[in-house]
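Each value in this text was obtained by applying a stated rule to the coordinates, not by laboratory testing. This structure is a prediction, so every number in the text was calculated from the model and none was measured. Here Cβ is always computed from backbone atoms with ideal geometry, including for glycine, and neighbour counts include all displayed protein chains.
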Amino acid sequence: MKKRIISLAVIPAVLVTLFSGCGSSSSSSAPSSSAAGSSSASSSSISESSSASSSETLNTVGNTAGNITNQGLAAIQGDWIYYSSLNGGGSLYSMKTDGTGQQKLSNDNPTYINVVGDRIYYSNGDVGWALYAIKTDGTDRQKLSDDNSASSVNVVGDRIYYSNGSDNGAIYSMKTDGSDRQKLSDDSAAWINVVGDRLYYYSTNYSMQSKVDNYIYSIKTDGTDKQELSGDSAALINVVGDRVYYSNQDDGNKIYSVKTDGTDRQKLGDDMAYSLNVVGGQIYYTNSSDGDKIYVMKTDGSDNRKLIDDPPMSKSMSINIAGGRLYYIAGTGAAGYHLYSFKLDGTERQLVD
């Protein structure tokens, strides 16, 4: 089967090309730190309701691997969900897990949202997808780096790992205050997952025949011990437990898995998957074999079923899971795109914005 390369439609909150190289940088200029206050919400009600409190459980990992693979449009900490709104070109919002208490935190257009302690980290689409941080109450907005086109942002403990579009997608890390910036690998990387002391990612390599090979690799978090896990042209990498789940472009974007040591490669189904999120022993994905409807199956490939029927011609994408609900973008180019959510059993579909 001929390999299918898909470019997702441009939507307000996300400007992402899937199943292709990730090295392009933006020409947008970043504002100075003195401009921070103009983009942050300053309502005292936000500070009182959505700020991280000492009584709630605080994250040490900013988001799940599956959410980051799907542009990190939603992240949870305690009873609060932080998400990217599509209204007005994209904004950063928070709300309680039951959908109440919705508050705007910033006018920034965020992707790859991570929440650790009292701070939110994200790639800011309004300034070339540079890395920013803001408190969970919407104050103290800071630019962390001059690197543009930062993607696959993972915040773990006091470090940020990301693909640096200003350097052809090379893997970088730095502290959460923006200091100690380090280059970990020259590989042009995407779909980075940080699990334990290792980073898993796909890297675009060019052979003598100019063929693009999106292989799966892993390195230690200090950049050493590079290992090739699979020769499949892979996308949408999710690392869960001791297995890597991915969409295999060499086999029509079917879902595969392989162990994190590169053994026991398995094909899990015949559906074409263009959004993939693995949580709680289940694989949630958009099935392009059925008009991009959202499906679920067990991680062994069994019990495959459709979760929800969106309107005809509606394209579903960017599956994020937080607080027992699945958040996703759906719509058409003509009618526009919106953020929806439903329970993980497919019930209670709601328009978020």
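Data overview
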{"read-out": "Highest average packing first - 240-253, 153-166, 60-73, Cβ atoms within 10 Å", "value": "60-73, 153-166, 240-253"}
{"read-out": "Charged-residue dipole, Cβ positions (Lys, Arg, Asp, Glu), the range 240-289 about Cα centre, Debye nearest 20", "value": "60"}
{"read-out": "Ser275 long-range amide H proximity, modeled H, under 5 Å", "value": "Thr286"}
{"read-out": "Listed peptides 231-237, 347-353, 311-317 by packing density, highest first (mean Cβ within 10 Å)", "value": "231-237, 311-317, 347-353"}
{"read-out": "Charge dipole (debye, nearest 20) of the range 152-268; +1 at Cβ of Lys and Arg, -1 at Cβ of Asp and Glu", "value": "180"}
{"read-out": "Amide hydrogen neighbours beyond the local backbone of Gln102, cut-off 5 Å, H modeled", "value": "Lys96"}
{"read-out": "Formal net charge of residues neighbouring Gly117 (Cβ-Cβ distance under 14 Å; K, R +1; D, E -1)", "value": "-2"}
{"read-out": "Cβ-based net charge around Ile134, under 12 Å, with every Lys or Arg adding one and every Asp or Glu removing one", "value": "+1"}
{"read-out": "Three-way shape call for the range 128-246 based on the alpha-carbon gyration tensor, with the a/c threshold at 1.5", "value": "prolate"}
{"read-out": "Local electrostatic count, Trp80, Cβ distance below 12 Å [Lys/Arg +1, Asp/Glu -1]", "value": "-4"}
{"read-out": "Distant-in-sequence amide H partners of Ser188 (H built 1.01 Å from N, under 5 Å)", "value": "Thr204"}
{"read-out": "The range 93-109 - phi-based ³J(HN,Hα) in whole Hz, Karplus 6.51/-1.76/1.60, Gly and Pro as x", "value": "10, 10, 7, 6, 5, 8, x, 8, x, 5, 9, 7, 9, 7, 7, 4, 9"}
{"read-out": "Percentage, to the nearest whole number, of Cα pairs in the range 195-353 over 24 Å apart", "value": "38"}
{"read-out": "Overall form of the range 132-197 per C-alpha gyration tensor (a/c, 1.5; a/b vs b/c)", "value": "prolate"}
